[in-house]
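Only one structure is covered here, and it is reproduced in the block below.
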Amino acid sequence: MTIKVGDKVPSATLTTFGPDGPKPIKTDELFAGKTVALFAVPGAFTPTCSAKHLPSFKDHAADLKAKGVDTIACVSVNDVFVMKAWGEHQGVGDNILMLADGNGDFTKALGLELDGSRFGLGQRSQRYSMIVKDGVVKKLNVESGGEYRVSSAEYMLEQL
């Protein structure tokens, strides 16, 4: 079942790269008492994700925070080392929390998985964005058919 507006984000453990290396972060901790702009991409370093999706959130980080977003987070079914390298390559700094969902457990719990095996990608995440307030989904924007439109930072800004 796919998560929907009004649902609580499921408990899961993601991984980020901290000063001392890989660091687990529980979704309960990530979303508790905060407004989070979370977006997911099918894969780090993939064309649309690198040319449009991540840059849209990087370019509008200050605008999102000015509208009440505490944390901007990017999640992908990639390992933490790839997410770290992609964040560095894109120059996101501390503006975007890069989160690895290495085994896709969080993505599966949301019901937003994508079978990319025909492209040699295996199981991945659909492209989406959501606004989460204190652990509850307030807005959910899932792309269809390989599009990139409703999951952009620009679209999210219109919703805030």
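The values are calculated or read from the model by the stated rules, or taken from the named source; none is laboratory data. These numbers were taken from a predicted model, which means no experiment stands behind them. Virtual Cβ from ideal backbone geometry, glycine too; neighbours counted across all protein chains shown.
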Checklist line | Residue count, the stretch 116-135 (criterion: of a type in the set (Lys, Arg) and farther than 23 Å from ALA51 by Cβ) | finding: 1
Notebook entry, point to check: Would the stretch 59-77 turn up any residue that is surrounded by 16 or more Cβ atoms within 10 Å (Cβ to Cβ), small (Gly, Ala, Ser) and closer than 18 Å to GLN126 by Cβ?
Noted result: yes
Next item on the list: Sort out which residues of the stretch 136-159 are more than 19 Å from SER50 (Cα to Cα), touching an Asp or Glu at 6+ places or on another chain (Cβ under 9 Å) and surrounded by fewer than 19 Cβ atoms within 10 Å (Cβ to Cβ), and write them in order of number.
Entry: VAL136, LEU157
Check: Just to be sure, is MET83 at pLDDT 95 or above and assigned to a strand (DSSP E or B)?
Finding: no
Notebook entry, point to check: Does the stretch 88-103 contain any residue that is surrounded by fewer than 16 Cβ atoms within 10 Å (Cβ to Cβ) and either in contact with a Ser or Thr (Cβ under 6 Å, 6 or more places away or on another chain) or under 25 Å from GLY6 (Cβ atoms) (or both)?
Noted result: no
Margin query: I'm trying to understand the selection: among the residues of the stretch 41-74, which are part of a helix (DSSP H, G or I), under 14 Å from the mean Cα position of the chain (by Cα), of a type in the set (A, V, I, L, M, F, W, C) and more than 19 Å from GLU158 (Cα to Cα)?
Written below: CYS49
Notebook entry, point to check: In the stretch 13-37, how many are over 14 Å from the mean Cα position of the chain (by Cα) and outside any strand (DSSP E or B)?
Noted result: 7
